[in-house]
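Input: a single structure, listed below in structure tokens.
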Amino acid sequence: MKNNIINIFKSLSDSLKDLYPIILVIAFFQIFVLQQPIPNLSEILIGTFLVVVGLTLFVQGLKIGLFPIGEAMAYAFARKGSLFWLLTFSFALGFGTTVAEPALIAVAAKAANVAATAGAIVDTEESRSSYANGLRFTVALSVGIALVIGVLRIIRGWPIQYLIITGYIGVVIMTAFAPNEIIGIAYDSGGVTTSTITVPLVTALGVGLASSIKGRNPMVDGFGLIAFASLTPMIFVMGYGMIL
């Protein structure tokens, strides 16, 4: 119990260290460049405090829960020796974490609103919801497939650079044919997908799997899954836009 309290206070201190450069930049430009008082100072201070506490609890949650369970399940599937179930788990993990990703939910909703305003879809609640959900599930499907490819890479020992180069060549080619309205959304979807929920579990999966397979180096082979998770959404979302 005592160690947990010490760890929380240490994480709180680390969160403050991580956030203070942002606070200094905002304060500097507000006071010395814009030369205006900070509006709603009390609310901003309360919000900053909540961000620090939230970030601290989130980081502790990753250390205590998400990282260990991701690595433990990777070990278990590797020991089980079933490629089918390992790939099934990888796809389900990628799909499930992406569907629940808060950043993707927000971007999909914003994209639907903009599409409705621009006349790309019918401006109704049902149409916007359908567009946003279609975008979310398309990205989630792409991340699930990306993790299957990434896990196969770790198992087979394929060089990551060739897969990534091939993928980005595909992105460039599809960019030339995709509708202009979807290209920006497709490129952003690759970034927002790899956020708070997806990254910890996917990283834990890769490191745990590489650690449990003989001949694999966790430092060399355990990382790189996030690269696939940010690449494939661009391809799938542009394909989604071309189909629509």
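The values are calculated or read from the model by the stated rules, or taken from the named source; none is laboratory data. Bear in mind the structure is a predicted one, so any value in this text is a computation, not a measurement. Don't worry about glycine lacking a Cβ; one is built from the backbone with ideal geometry, like all the others, and counts go over all protein chains shown. Surface areas here come from the heavy atoms of the whole protein model, side chains and all, with no ligands, DNA or RNA. Shrake-Rupley method; radii C 1.70, N 1.55, O 1.52, S 1.80 Å.
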Q: Please find, among SER189, SER195, SER211, the residue that is touching a residue at least 60 places away in the same chain (Cβ under 8 Å) and more than 22 Å from ALA74 (Cα to Cα).
A: SER189
Q) Exactly one of (1) open to solvent by 40 Å² or more (accessible area, probe 1.4 Å); (2) at pLDDT below 90 is unmet by THR97. Its number? A) (1)
**Q.** Matching residues in the stretch 72-93 - criterion: being open to solvent by 50 Å² or more (accessible area, probe 1.4 Å) and either modelled with pLDDT of 85 or more or in a helix (DSSP H, G or I) (or both)
**A.** ALA72, MET73, TYR75, ARG79, LYS80, LEU83, PHE84, TRP85, THR88, PHE91, ALA92
**Q.** Per-region count, the stretch 13-71, residues in contact (Cβ under 8 Å) with a residue 60 or more places away in the chain and either aromatic (Phe, Trp, Tyr) or part of a loop (DSSP other than H, G, I, E, B) (or both)
**A.** 2
Q) Considering only the stretch 129-174, how many residues are within 15 Å of the chain's Cα centre (by Cα) and free of Cβ contacts under 8 Å to residues at least 60 places away in the same chain? A) 4
Q) Within the stretch 222-234, how many residues turn out to be crowded, with 22+ Cβ neighbours inside 10 Å and either among the β-branched types (Val, Ile, Thr) or over 20 Å from ALA186 (Cα atoms) (or both)? A) 2
Q) Which of the following residues is β-branched (Val, Ile, Thr), open to solvent by less than 60 Å² (accessible area, probe 1.4 Å) and touching an Asp or Glu at 6+ places or on another chain (Cβ under 8 Å): VAL237, VAL207? A) VAL207
Q: Examine the stretch 170-178 for a residue that is within 23 Å of ALA100 (Cβ to Cβ) and either of a type in the set (S, T, N, Q) or crowded, with 20+ Cβ neighbours inside 10 Å (or both), and state whether such a residue exists.
A: no
Q. Of all residues in the stretch 39-65, how many are hydrophobic (A, V, I, L, M, F, W, C) and open to solvent by less than 60 Å² (accessible area, probe 1.4 Å)?
A. 5
(Q) THR117 - would you say it is of a type in the set (Ser, Thr, Tyr), closer than 30 Å to THR88 by Cα and loosely packed, with under 13 Cβ neighbours inside 10 Å? (A) no
Q: Return only the number of the condition from (1) without any contact (Cβ under 8 Å) to a residue 60 or more places away in the chain; (2) of a type outside the set (Gly, Ala, Ser); (3) not in a loop (DSSP other than H, G, I, E, B) that ASP123 does not satisfy.
A: (3)
